[in-house]
Amino acid sequence: MKKKGGAGSNIGMWYFAYIVLGVLFFSLTFFWVSSYARGAALYEDFFAKEIVRVINTGTPGQEVYMDMTEATKIGFKNGLAPADIVRFNNELHMVTVRLSQRSSTSYAYFNRVSIRGDSGVEILSGSADTNRLHFFITDVGGLK
Amino acid sequence: MNRRGDGEELGLFMFLAIMLILLSGIVLGARSFFGWGYDFRITEADQLRSVVIPCFIDHDFFASGFNISQACAIHDDFLERNHLVLIRGLSGSDRVFIKGIADYENQCAFSGGFGNRAYPRCINGTISKQGEEFYYVIASNQQSRRAVTA
């Protein structure tokens, strides 16, 4: 009866494999949907493009303030510091918005300018719930 | 060795097929609820037009060695990746200026592309300069880049 015993142990192994695959599938799906439900993915995409929209129409010498409250609420909840939320890459002329520890979204601008955003997202004094992004549009090389 | 064939291996395919169907349902459900994201391409094409067309009026795009990046203050490699700037002389003129992905001209002309997110978003029209008519197409297909770190 060795044959039947072998089949029985195989069934146990298959059940185990199904359970592992099922748990893996549902946990990955849960993480994917929850990143949308928390709004991180959507707001990263939205703010990266809105910042690029401002940069594309900007001219050197301009100073920009932009309300980022909706994005920073999510970023702070995910344990990010104000300086980590928006990054400017002048070599790749790209804006990167990060609202979770695990992901970020980038978008490129065409305007031939450099961005100086040392101060990043500022938390306004006297207004705990309002945060804004502050940056300067300068000539390429940052002279102006 | 089990020669009777209890069907566990076939059951795996059934299991994976069910997972695939569930996954498709969840992805479509999430996308239809949260939306497909902010489509910025038509706005970007319009912003690009507002830079390129005045620049075209001021500069000779058909001169040898003309550099649109220098003349119009656009970053050097920007147009090469996901964009098109095309200006073609009408009324018998064969002068053409193309920068970027030339095939976007065909994709922009394809009416089926309007409902398809894989196709670029385009702005076209005509412009006259020194009594000559020109047709232009400005297209963008830039997608945001999402990086996931472990």
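Just a few scattered comments:
- Of B:Ala109, B:Ala17, B:Ala45, the one that fluctuates the most in a GNM where chain B has Cα springs shorter than 10 Å: B:Ala17
- Relative contact order, percent, chain B [alpha-carbon distance under 8 Å, six or more residues apart]: 23 percent
- Selected from A:Glu122, A:Glu50, A:Glu91 as most flexible by GNM, with chain A as the system and alpha-carbon contacts under 10 Å: A:Glu91
- Label point 7 Å beyond Cα of A:Leu92 along Cβ direction - residues of region B:109-150 with amide nitrogen under 13 Å: B:144-149
- Helix axis angle, B:41-58 relative to chain B longest principal axis, alpha carbon, degrees: 20 degrees
- Packing rank of A:101-108, B:140-147, where each peptide gets the mean count of other beta carbons within 10 Å, highest leading: A:101-108, B:140-147
- Note on chain A: GNM, Cα springs under 10 Å; of A:Val95, A:Val113, A:Val20, the largest mean-square fluctuation is that of A:Val20.
- Gyration tensor verdict on region A:1-112 (Cα atoms; rounded if a/c is under 1.5, prolate if a/b is larger than b/c, oblate otherwise): prolate
- Peptide-level mean, for A:107-117, of C-beta atoms on other protein chains within 10 Å: 5
- Cα gyration tensor category, rounded, prolate or oblate, for region B:11-86 with a/c compared to 1.5: prolate
- Per-residue shielding of B:24-31, expressed as the average number of other chain Cβ atoms within 10 Å of the residue Cβ, stands at 2.
- Tail beyond 22 Å, pair distance distribution of region B:60-150 (Cα, percent): 36 percent
- A protection proxy built from the mean count of other Cβ atoms within 10 Å ranks the segments A:81-87, A:37-43, most packed first, as A:37-43, A:81-87.
- Volume of the convex hull of region B:1-141 (Cα atoms only), normalised per residue: 202 Å³.
- Inter-chain neighbour count for B:41-50: the average number of beta-carbon atoms from partner chains within 10 Å of each residue's beta-carbon is 3.
- Nearest-ten-degree value, helix B:8-34 long axis tilted from longest Cα axis of chain B: 40 degrees
- For chain A, the membrane-span-like helix rule (DSSP H, alpha carbon extent of at least 20 Å along the helix axis, mean Kyte-Doolittle at least 0.0) picks out A:2-37, A:40-57; this says nothing about an actual membrane.
- Cα gyration tensor shape for the protein assembly as shown, rounded if a/c is under 1.5, else prolate or oblate: oblate
Values in this text are rule-based calculations from the coordinates and carry no lab data. Every value quoted in this text rests on a predicted model; they were computed, and no experiment measured them. Positions of Cβ are backbone-derived with ideal geometry, glycine not excepted, and every protein chain shown enters the neighbour counts.
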